[in-house]
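S.K.: Just dropping this structure here.
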Amino acid sequence: EDQVTQSPEALRLQEGESSSLNCSYTVSGLRGLFWYRQDPGKGPEFLFTLYSAGEEKEKERLKATLTKKESFLHITAPKPEDSATYLCAVQAWETSGSRLTFGEGTQLTVNP
Amino acid sequence: DAGITQSPRHKVTETGTPVTLRCHQTENHRYMYWYRQDPGHGLRLIHYSYGVKDTDKGEVSDGYSVSRSKTEDFLLTLESATSSQTSVYFCAISSGTGLSPLHFGNGTRLTVT
């Protein structure tokens, strides 16, 4: 069974204070790892797909990296508008229907 | 934003009543999904569809049924709602080509009293 564990559950930062979110996964054969951002009252919004260990993707202040056991979402000099819940999900090669297994998320708060 | 509309956005219903949630997409994507999101559990797959009239179960399908008679519409039905089905329900779509991501609607908040 595929499993995704995210840590910490919640993170509070000051504006400009860089940090990282962790996503540990157990999957029989990783096809892809996805990061999403979710704002209150909204659906998850797609950020990145990572395919193989060593890969990195960047978007504005966010950078996602992938190893064989975990992924990190690095947030550089965050701003209050980066406050959201960040979700990690995996897709396994043998999973039918392009389904994703999600972690519970990290709730990020950036204070001005 | 992906063209996904969920209706209704909020619903309160009583235990034992039937409830149908609707997802409508304008992207002509092949795959459609229903997830529920609960504190302590994250997003869990209920059912998904890989084409018109083609559906399959997810990890938490008991008490739910789905139908897809047109590419653009995917319905989730709770035949007899229970309090444990109080949740936020999200519809998602995917083209299914390569490693395409899922794109989500803004959810339906369902309360069963």
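Quick note: the coordinates plus some simple rules give every number you see, no bench work behind them. Note that the structure is predicted; figures quoted are calculated from it, not measured. No Cβ is skipped: glycine too gets one built from the backbone with ideal geometry, and neighbour counts run over all protein chains shown.
S.K.: Among all residue pairs at least 6 apart or on different chains, which show Cβ distances below 6 Å where the first residue, located in region A:95-112, is surrounded by fewer than 21 Cβ atoms within 10 Å (Cβ to Cβ) and the second is of a type in the set (D, E, K, R) and assigned to a strand (DSSP E or B)?
M.R.: Correct list of pairs: A:Thr109/A:Arg12.
Each row is one residue, and each column tells you yes or no for (1) in contact with a strand residue (DSSP E or B) (Cβ under 8 Å, 6 or more places away or on another chain); (2) within 11 Å of another protein chain (Cβ to nearest Cβ).
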{"position": "B:Tyr31", "(1), (2)": "yes, yes"}
{"position": "B:Gly40", "(1), (2)": "no, yes"}
{"position": "B:Leu45", "(1), (2)": "yes, yes"}
{"position": "B:Lys53", "(1), (2)": "yes, no"}
{"position": "B:Asp56", "(1), (2)": "yes, yes"}
{"position": "B:Val66", "(1), (2)": "yes, no"}
{"position": "B:Ser69", "(1), (2)": "no, no"}
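S.K.: Which of the strands (runs of 3 or more DSSP E) contained wholly in region A:40-89 include at least 3 residues that are facing chain B (nearest Cβ under 10 Å)?
M.R.: Output list reads A:45-50.
S.K.: Taking into account only those residues within region A:26-37 that are buried (at least 20 other Cβ atoms within 10 Å of the Cβ) and out of contact with any Asp or Glu (no Cβ under 7 Å at 6 or more places or on another chain), which is farthest from B:Thr108 (Cα to Cα)?
M.R.: A:Leu30
S.K.: Further question: Under 7 Å between Cβ atoms, which residue pairs at least 6 apart in sequence (or on different chains) link something in region B:83-103 that is within 16 Å of A:Arg31 (Cα to Cα) with a partner that is assigned to a helix (DSSP H, G or I)?
M.R.: Short answer, once both residue conditions are applied: B:Ser94/A:Ser98; B:Gly96/A:Ser98; B:Ser100/A:Ser98.
S.K.: May I pose another question? Of the residues A:Ser83, A:Ser71, only one is of a type outside the set (Phe, Trp, Tyr), surrounded by fewer than 21 Cβ atoms within 10 Å (Cβ to Cβ) and touching a strand residue (DSSP E or B) at 6+ places or on another chain (Cβ under 9 Å); which? If you could, list the steps in order and put the result at the bottom.
M.R.: Numbers: A:Ser71 fails: surrounded by fewer than 21 Cβ atoms within 10 Å (Cβ to Cβ).
When all the criteria are applied, what remains is A:Ser83.
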